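A short write-up of the structure that comes next.
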Amino acid sequence: MTTGYDQLQLWLKLESQCFSLDSSNYRVPRLYGSPLKVPSYKGMYNGWGAFFGFGSLITLDKPIEFPTNQWSISFWMLIPTIDTGTVHTLVQGINGTRYVVANSTGTRLATFDQDKRKFRVGLKLDKLGVYEWHNVMITYNNKKVRYYVDSVFKKKMQMVCEDPIKYVGNSADGSEPFGTFCDLRITDRVFSNKQIKQYSAYVPEFLDLQPDFLSYRMHEAIPSFFQSLHLNIGPTSEAILRLFANIAANGKLSLSLGRGRLQLLNMNTITQILPFLSAKDVKLRREALRLLSNLECSLSTIWLHCTSD
């Protein structure tokens, strides 16, 4: 199955309280304000989703640029959007261009045309089921924008929209909150037909196809161990790799850290971190290499201890 993970520039699932966790393992988003977690019975996949109100937004450390003048945006939104008396911005460029914006009542989705300097309506949402999740995809190639709802093509327009993306969930000043959404993906290429069908399908098995498996593995397998050490788990894979590397390196400092190093080895961590050796982010690659090196030393120490006995 073609996943397209190598094309992802940003992936915000909003599946936990770590709203700023980029599951593409590529960027370090920063959260401002206090988005509200969607209750599990209302969320996608039993809990994905967050409500962004006034003052809540996510900013990116490095704006997403599109050197080939291509991009795709996919997200799930909960309809209807609350009428706040202002437009609702989901994705905004560094120079103010709104890639995805809804009108005040949430019945129309539009994109700002940098060429004509005005909003162009791409989708009408008032006929969709209310209080339901719907997938929206927008692709851009050769100054042509295409809109899809639940994988169905709806409209094509000619426009220019190539402002580097900087803000998500709201406008830059926090005055245009989008509302409730999840599973936001941004790529620097156009989604294939297979990806359009795949990303818009509500499939439980999808949860097993995650690129940030290290985060899930660590949270699910040994959360009580890290809590016993009073260690905070960072919201990025880089922070997780760094924490693992430190535990692997400092196992001799205390009995608890020694157990932690054995826990890492028992988790088959070496196999799981191999994909990070080819990550796009230099820091991820560095931390993965450091962890491998420290685990190798741990294995050597354990082997020498066993043979000496």
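Just so it is clear, none of the values below were taken in a lab; they were calculated from the coordinates. Model, not experiment: these values are computed from the prediction. Counting neighbours? That spans all protein chains shown, and the Cβs are built from the backbone with ideal geometry, glycine included.
In table form, for the structure just shown:
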read-out: Violating pairs (Cα-Cα greater than 28 angstrom) within the set 42/283; 118/154; 37/166; 13/283; 154/194; 13/116; value: 42/283; 13/116
read-out: Net lengthening on full extension, residue 173/residue 36 (0.36 nm per residue, minus Cα-Cα); value: 47.5 nm
read-out: Three-way shape label, segment 132-202, alpha-carbon gyration tensor, a/c 1.5; value: oblate
read-out: Ellipsoid equivalent to segment 1-137 - semi-axes via the Cα gyration tensor, in Å; value: 21, 21, 16
read-out: Residue 156 versus residue 124: modelled label distance in nm, points set 7 Å from Cα along the beta carbon direction; value: 2.1 nm
read-out: For segment 66-217, alpha-carbon Rg and Dmax in angstrom; value: 15.1, 48
read-out: Theoretical gain in end-to-end length, residue 202 to residue 61 [0.36 nm per residue, Cα-Cα removed]; value: 47.7 nm
